[in-house]
């Protein structure tokens, strides 16, 4: 199950929101990045602000994704037909096991992740936030941007699908992305995504990709720390977290956002 780890770079960072700082509440976001060992993966979770143990639920998402990736590696799942719903349900089972003995209703959180399974990358999302996928096909010079899920206007503010005791496959979005065409995958919580105007949404991630390909890992880390800790939107209050994987280099010169 080779993902060619030398090809992939990544970064992640999280900043507690001003409201949680004032209230003395823990950062309810969590993320995980694995690119030096296989399977390569990223995971992200945003604990529901109304749930007192949601930070534990968010942290358990990272552990459950690591377990799911290991299961895929042990079972050589890449050589079989990938069944997305079965994998998501298994992830949910792992999440429940990680929180055994804890009141699950107090641990509700979102879940976003991407796992490279050889020729395919399995990407899934439950709840709000952005899952941005940037791709290009061989021989083409244009990169395409798509989002796994758009904001659900039928949900009220501060309401989102979340992990709980019962598995609800219909609430998930998922996608099997050919790894050869993948240039980057960005996962962010709604503390970031809600502050990005729709007309700038795709360009925000494209510009990050273009800029960070030109920087060292240390420079990327410093730059992410700078802007995530000095978020310019007046009145922002939520925790902010981003984690990403991106291909080290590309011959592509032009960029566009798919509708």
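Structural remarks
- Scanning segment 29-63 for residues that are free of Cβ contacts under 8 Å to residues at least 40 places away in the same chain and part of a helix (DSSP H, G or I) returns 55, 59, 62, 63.
- Test: residue 72 is closer than 27 Å to residue 208 by Cβ and surrounded by 15 or more Cβ atoms within 10 Å (Cβ to Cβ): no
- Meets criteria (over 14 Å from residue 162 (Cβ atoms), crowded, with 23+ Cβ neighbours inside 10 Å and touching a helix residue (DSSP H, G or I) at 6+ places or on another chain (Cβ under 7 Å)) for residue 90: no
- Evaluating residue 26 against the criteria (1) surrounded by fewer than 19 Cβ atoms within 10 Å (Cβ to Cβ); (2) in contact (Cβ under 8 Å) with a residue 12 or more places away in the chain; (3) assigned to a helix (DSSP H, G or I) leaves one unmet condition, (3).
- Segment 129-147, residues that are at pLDDT 95 or above and assigned to a loop (DSSP other than H, G, I, E, B): 129
- Top-ranked residue in segment 148-159 [being within 19 Å of residue 204 (Cα to Cα) and surrounded by fewer than 20 Cβ atoms within 10 Å (Cβ to Cβ); ranked as modelled with the highest pLDDT]: 149
- The residues in segment 98-119 that are out of contact with any helix residue (DSSP H, G or I) (no Cβ under 8 Å at 6 or more places or on another chain) and either surrounded by fewer than 24 Cβ atoms within 10 Å (Cβ to Cβ) or farther than 25 Å from residue 244 by Cα (or both) can be counted, and the count is 4.
- Sole residue being at pLDDT 95 or above, more than 16 Å from the chain's Cα centre (by Cα) and within 29 Å of residue 6 (Cβ to Cβ), chosen from 106, 112, 68, 87: 87
- Of the criteria (1) assigned to a helix (DSSP H, G or I); (2) in contact with a helix residue (DSSP H, G or I) (Cβ under 9 Å, 6 or more places away or on another chain); (3) modelled with pLDDT under 95, which one residue 73 fails: (2)
- Against the list (1) crowded, with 24+ Cβ neighbours inside 10 Å; (2) part of a helix (DSSP H, G or I); (3) out of contact with any helix residue (DSSP H, G or I) (no Cβ under 9 Å at 6 or more places or on another chain), the condition residue 125 fails is (2).
- Residue under evaluation residue 36, criteria (1) at pLDDT below 95; (2) closer than 27 Å to residue 210 by Cα; (3) out of contact with any helix residue (DSSP H, G or I) (no Cβ under 8 Å at 6 or more places or on another chain), criterion not met: (3)
The values are calculated or read from the model by the stated rules, or taken from the named source; none is laboratory data. These numbers were taken from a predicted model, which means no experiment stands behind them. Because the Cβ atoms are built from the backbone with ideal geometry, glycine has one as well, and the counts that use them run over all protein chains shown.
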